Amino acid sequence: MKKYGVLGRVWENVVITVGLSLTMMVIREIKQGRFYQGHRLEALIEDFSGILLLVGILITTLQLMYGYYAVERQKISFGYTRKRCFLEMQEIKCISTAVIFAIHILLNLRQMNFEYWKKVIWIVGICLIAQSVGELTSVFQMRNTWFSMVILTIVSAFMGFTVGYGVISVINGEKGEGSFSVEIFEQAPVFYSGIFVVGILCLIGISWKLWKKAEVSI
Amino acid sequence: MLNGEPVWENKEALKHIYFAREINAAASSVISGFKVKEYLKIASEYLPNWDKELAEELIKLFHLDKKKRIVKLSKGMTSMLTIVVALASKAEFTFLDEPVAGLDVVARERFYRILLDEFTESGRTFVISTHIIEEAEDLFEEVIFLHKGEILLKENTQELLEHTAYISGKAEEVEEFIKGKQVYGLEKIGRSKGGMVRWSEGEEPEATEDITLQKMHLQKIFISLCGREDDVE
């Protein structure tokens, strides 16, 4: 298996996601004092599988961006075509997402019902959108290096907001947690599905347009 | 173009070509975080004719530390790494852009020797760009001079050297001698004149009492051609 090939990078994505999720789950359980109380295995698995999805979205997106920034340029300098690089990145996206969600589904076999599947599908959509945005950002930044400062500013602002929100929340006696519900998409499922599909395809199309003529400098 | 086919995004054509450009080891570059062995690993996975044994041999010869990060390598070491990958790629057409930049004279000699050995054994085509023309003179079968993006000259190296000389002597004698010949960089020095003269096969001129003809090195030929291209007569 090539380390920088499709399977190698999918394996890396999955291992990092699972490892990081486990670590975060353990820290969370210890912090909330539940670990020592013999917290039920089912509850642990539920926590873990929830964290797995969020971490999976983050890790696959960051790995994709890193791939375009560092690895793909090397492959092109070694004679790989841009088309082949791009197709492999799409394969990595899809296979990594599929494996991570398959792990999540396997851990939640008892919850198999229509509502559960709807939530999973929405989260898969969010995952693919996030990856495609990351991909477009990375490809755009290759051709316009000033854009990396814009990304840095946005990410820093987001992190600052998150920390600030948590601190204010704790000061006000709350838990300092945030939550996001996918039930918002249930209000107009066809409309939101269409947006997701069109959005993902547009993002991939624009990324390809920028990538296929990209000048590679290493 | 390669065999009549455009090379751009052509998977089959790209298998036969490797372009070795100078590795940017600056901290801000994309590969600065890679270790030498990681860089070689990517090369081995994606260069179809990768010769692992040759790469290992060259790494030992150049005393490169495989565990070192590229950002920690000196300019000479990054040049060596470029050379290792270029030679171990075993590409039919290998382009080396300033391969000896940052190498000391001993390392450069070592590189020229290895390159000649590889050329003799494999018959690969190497296209090398260099500013240290004089040293590489004995290496090139054919030389191409580029100036302001245009090809100034493309000729067999030996023929170029045999049919070019620096002429000097009394101004009137030199003027008489150079009639009908290609002359470059003609300069007046007091009552004498000097410049580069070229002739065709079979026309070899002879020195006289008042005129001296000296063999020129490739570097001097290049300077004469580029520095005074307006002086062609």
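The values are calculated or read from the model by the stated rules, or taken from the named source; none is laboratory data. None of the values given here were measured: they were computed from a predicted structure. Here the Cβ positions follow ideal geometry from the backbone for every residue, glycine too, while neighbour counts run over all protein chains shown. Quick note on the areas: whole protein, heavy atoms, side chains included, nothing else; ligands and nucleic acids left out. Shrake-Rupley method; radii C 1.70, N 1.55, O 1.52, S 1.80 Å.
Per-residue surface analysis assigns A:Leu7 an accessible area of about 110 Å², computed on protein heavy atoms at 1.4 Å probe radius. DSSP finds beta bridges in chain B, and of those with both partners inside it, around 75 percent are antiparallel. Mean per-residue shielding of peptide A:68-80 is 6, counting Cβ atoms of other chains within 10 Å of each Cβ.
Dipole of chain B computed with +1 at Lys/Arg Cβ and -1 at Asp/Glu Cβ about the Cα centre; of B:His63, B:Gln214, B:Leu96, farthest Cα towards the positive end is B:His63. Please work out the C-alpha center-to-center distance from the range A:139-155 to the range A:68-113 and express it in whole Å. Here the two parts' Cα centres lie 23 Å apart. Straight Cα distances below 19 angstrom link A:Lys119 to the aspartates and glutamates A:Glu46, A:Asp47, A:Glu183, A:Glu186, with same-chain residues fewer than 8 positions distant left out.
Once the chain from B:Glu57 to B:Asp117 is taken as fully extended at 0.36 nm per residue, the excess over their C-alpha distance is 20.2 nm.
Ligands, DNA and RNA excluded, the heavy atoms of A:Leu109 present near 100 Å² of accessible surface to a 1.4 Å solvent probe. Amide H contacts of B:Leu146 (H built 1.01 Å from N, in plane; Pro and chain starts excluded): B:Leu152 sit under 5 Å, all sequence-distant by 5 or more or on other chains. Per-residue ellipticity at 222 nm from helix content only, as computed over chain B with -39500 (n - 2.57) for each DSSP H run of at least four residues, stands at -10500 deg cm²/dmol.
When both the range B:47-91 and the range A:11-25 are represented by their alpha-carbon centers, they are found 34 Å apart. Scalar couplings 3J(HN,Hα) for the range B:96-102, obtained by applying the Karplus form with A = 6.51, B = -1.76, C = 1.60 to θ = phi - 60°, are 10, 9, 6, x, 9, 4, x Hz; x denotes Gly and Pro. Stokes-Einstein diffusion of chain A at 10 °C, 1.306 mPa s viscosity, Kirkwood radius from Cα pairs, rounded to a whole number: 82 µm²/s. Straight-line cross-link reach from A:Lys213 at under 20 Å between alpha-carbon atoms covers these aspartates and glutamates, not counting any fewer than eight positions away in the same chain: A:Glu72, A:Glu88, A:Glu135, B:Glu5, B:Glu9, B:Glu12. Rolling a 1.4 Å probe over the protein chains gives B:Val197 an accessible area of about 0 Å².
Counts of other chain beta carbons within 10 angstrom of each beta carbon in peptide A:6-16 average 0. Among B:Ile128, A:Ile95, B:Ile144, B:Ile31, the order of accessible area from largest down is B:Ile144, A:Ile95, B:Ile128, B:Ile31, computed with a 1.4 Å probe on protein heavy atoms. Between 0 and 90 degrees, the angle of helix A:114-143 with respect to the longest Cα principal axis of chain A falls at about 40 degrees.
Taking a ≥ b ≥ c as the square roots of the eigenvalues of the Cα gyration tensor, the range B:157-231 is oblate, since a/c reaches 1.5 or more and a/b is not larger than b/c. In terms of distances greater than 25 angstrom between alpha carbons, the cross-link table entries B:Lys15/B:Lys68; B:Lys90/B:Lys148; A:Lys2/B:Lys15; A:Lys93/A:Lys212; A:Lys3/B:Lys11 yield B:Lys15/B:Lys68; B:Lys90/B:Lys148. Couplings 3J(HN,Hα) for the range B:200-205, derived from phi with the Karplus relation 6.51 cos²θ - 1.76 cosθ + 1.60 (θ = phi - 60°), are 8, 4, x, 10, 3, x Hz, where x marks Gly and Pro. Counting protein heavy atoms only, the range B:29-143 has 51 percent of its accessible area on carbon and sulfur, 1.4 angstrom probe. Annotated for the range B:157-231: lysine pairs at least 8 residues apart or interchain, Cα distance under 17 Å, count 9. Residue order by solvent-accessible surface for A:Phe86, B:Phe140 is B:Phe140, A:Phe86, largest first, with ligands and nucleic acids left out and a 1.4 Å probe. Highest mean first, the peptides A:61-72, B:202-213, B:32-43 sorted by other C-beta atoms within 10 Å per residue fall in the order A:61-72, B:32-43, B:202-213. Peptide B:35-44 is shielded by partner chain Cβ atoms: per residue, an average of 2 of them sit within 10 Å of its Cβ.
Under the rule a/c < 1.5 gives rounded, and otherwise a/b versus b/c splits prolate from oblate, where does the range B:1-148 land using the Cα gyration tensor? Verdict is rounded for the range B:1-148.
Taking all protein chains together, B:His131, B:His217 sort by accessible area into B:His131, B:His217, largest first [probe 1.4 Å].
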